[in-house]
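K.L.:
Provided herewith is a single structure, encoded as structure tokens, for subsequent inquiry.
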Amino acid sequence: MIRHCMTWRSYERRLLSNNNDINMVEMGMSNEDIEKLPHFDFKRKNDMIKGSNCAICLDIFDVGEKCRLLPPCEHVFHAECVDLWLLKSPFCPICRARADVK
Ligand SMILES: [Zn+2]
Ligand SMILES: [Zn+2]
């Protein structure tokens, strides 16, 4: 009886993890994976993105704002904007590069 339960449990878990894999592809990234992407506080000296704006909210980057960089394409967004985006879609909002490529 106990063994029967254990077998069923592992079968159930396998089903659940398969579902999770599908969700990862179609439904965006987990908070955990998003936090692994590089981020930094915007500084006036940061010439790389000086005068740029965030393609999601269209505001320019302000000193002290937390920004996040997507490594495959090096596009930069506000962390708070792109984090919400990546939860729904793993693709860069500008060029559609996959942000979760490891
Ligand atoms: Zn923004
Ligand atoms: Zn991009």
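Just so it is clear, none of the values below were taken in a lab; they were calculated from the coordinates. Values in this document were obtained by computation on a predicted structure and should not be read as measured data. Cβ atoms come from the backbone with ideal geometry, glycine included; neighbour counts cover every protein chain shown.
K.L.:
I'd like the full set of residues that are surrounded by 17 or more Cβ atoms within 10 Å (Cβ to Cβ) and more than 11 Å from ligand 2 (Cβ to nearest atom), limited to segment 68-100.
P.N.:
Of everything in segment 68-100, those that are surrounded by 17 or more Cβ atoms within 10 Å (Cβ to Cβ) and more than 11 Å from ligand 2 (Cβ to nearest atom) turn out to be Arg68, His78, Ala79, Cys81, Asp83, Trp85, Leu86, Pro90, Asp100.
K.L.:
Taking into account only those residues within segment 68-102 that are basic (Lys, Arg) and farther than 10 Å from Met29 by Cα, which is nearest to ligand 1 (Cβ to nearest atom)?
P.N.:
Arg68
K.L.:
Residues in segment 52-67 that are touching a residue at least 24 places away in the same chain (Cβ under 8 Å) and more than 10 Å from ligand 1 (Cβ to nearest atom): how many?
P.N.:
Qualifying residue count, segment 52-67: 2.
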